[in-house]
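Notes to accompany the following structure.
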Amino acid sequence: MESIPLPPRRSRYVCQQCGEVSVKWLGRCPSCEAWNTLVEELDVRESRPRRAAAGARSVPATEASGWEEERRSLGVWELDRVLGGGIVPGALVLVGGEPGVGKSTLLLQVAALYAERCGTVLYVSGEESVGQVAMRARRLGTVHPRLRLLSEARVEVIEEVIAAEEPELVVVDSIQTMLHPDLETGPGSVAQVRECCHFLGRIGKERGIAVFFIGHVTKQGTLAGPKVLEHAVDVVLHVEGESHSALRLLRPVKNRFGSTQEVGIFEMTAAGLKPVENPSELFLQERPMGSPGSVVTASREGSRPLLVEVQALVAPTAFGGTPRRQAAGVDYNRVSIILAVLERRVGIPLQTHDVYVNVAGGVKTTEPACDLAIALAVASSFHGRPVDPSTVVFGEVGLSGEVRSVGHGEERLQEAARLGFRRAVVPAGARLERAAAIAVAGVRSVEEAISAGLGGSAGKRGGGSA
């Protein structure tokens, strides 16, 4: 009896770092240039059942209805604000962060609060058993009858549970542990992550169920898996935090339903993550009074002003070597520009000094409004003269040494006045129609700002370094 030859199996090679596809094995990925990351995967697309296209039709934009009016609060107002005012039905949200930063803790709290306020929530864990998740929920005080727990990694089983229980919110912990039945690769591979995200995302879109995916990160701090994972979801959130600090920042990297400029601020406690009601007070509560090199600036994170402390330390370079420049919490390139302006336009000889700039509290800011505070902090440390602790400073610094105005000046001053600041050094061109109860000193150049902040000459050293 003559045997029937089997059809050849189609395979491809996929980079496990970036998802680049190649028809042959390569030692180095041509896209991300990582070595030995291409793994063979079977192409099973032809074996999948095709979905019927009968009845598909387009809808005029004027007749299409949106879910804007159906946004629902998650019960955590900091997260609601980052998402743009609540969660949209059918939204796909990817939450990433370092191990132990609080991703699972935050979403377990959200799941319980949403179950208490709205309806059934399904928490799917591919990493822990139901008992382990329940133990963690009891420790956090997030137990509710409408919070359903499921320990499962197979997406087809998860689909059956969703169809049977009809939850309004689903949390998947984590997307890297999910398993698609049509793929022979193991969990966490590029193909598995991509297909499982598409599979569960389609369920959420069709049923109007919001789905939260927890994602792992690589050693470089980027989300593990293919880049298409970030494109497939509606919102990408990143949880930031240091192991030695209780502060956690929630930043949106992508948001189809709101701004990506917002930031949520939380504090890690024994009872879980708690939103910080007054972040400015938190960042300034340990500020040293009367210390050279310390300046408070009014930054802006999303829709709210945020007062943070900018610190600078200027010290002579040891043995006449190459000066060191280090920056934490601010853009290094902007610091380099400001130091060049101080040398050229103000006459401060920093070419023989090491300069260190830091934003206290682990906060990161890229706003140009912090330029003037950096310049004033460096000058304060260089001259050894402190800035008045009741003074707040903000403004953008140009290459000519001019101080340029920034937006939302009134809101920045109102926040400073609320916290007890009595004086502000701001750009002279700032539009302040409703000035707060605070004395405003308008300056046009960095030299004027240093004179207003320190008093006296802004140029060469008048005192010891600090």
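The values are calculated or read from the model by the stated rules, or taken from the named source; none is laboratory data. Because the structure is a prediction, the values reported are computed rather than measured. Methodologically, a virtual Cβ is constructed for each residue, glycine included, from the backbone with ideal geometry; neighbour enumeration extends over all protein chains shown.
Within the range 268-281, the set of residues being exposed (fewer than 15 other Cβ atoms within 10 Å of the Cβ) and not in a loop (DSSP other than H, G, I, E, B) comprises Thr269, Glu281.
Out of Val190, Val235, Val171, which single residue is under 21 Å from Glu128 (Cα atoms), β-branched (Val, Ile, Thr), assigned by TED's automatic domain parsing to the domain that holds Gly84 and in contact with a strand residue (DSSP E or B) (Cβ under 9 Å, 6 or more places away or on another chain)? Only one candidate passes the filter, namely Val171. The condition of being under 24 Å from the mean Cα position of the chain (by Cα) and modelled with pLDDT under 95 holds for only one of Gly361, Gly409, Gly420, that being Gly361. One residue alone among Val155, Val193, Val170 is touching a residue at least 40 places away in the same chain (Cβ under 8 Å), in contact with a Leu (Cβ under 8 Å, 6 or more places away or on another chain) and closer than 18 Å to Val95 by Cβ, and that residue is Val170.
The rows are residues; the columns are (1) in the same structural domain as Asn358 (by TED's automatic domain parsing); (2) in contact with a Cys (Cβ under 8 Å, 6 or more places away or on another chain); (3) crowded, with 19+ Cβ neighbours inside 10 Å.
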position: Leu250; (1), (2), (3): no, no, yes
position: Thr260; (1), (2), (3): no, no, no
position: Gly264; (1), (2), (3): no, no, yes
position: Pro288; (1), (2), (3): yes, no, no
position: Ser291; (1), (2), (3): yes, no, no
position: Pro305; (1), (2), (3): yes, no, yes
position: Val310; (1), (2), (3): yes, yes, yes
position: Arg324; (1), (2), (3): yes, no, no
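Assessment of the range 282-295 against the conditions (in contact (Cβ under 8 Å) with a residue 40 or more places away in the chain and part of a strand (DSSP E or B)) yields at least one matching residue.
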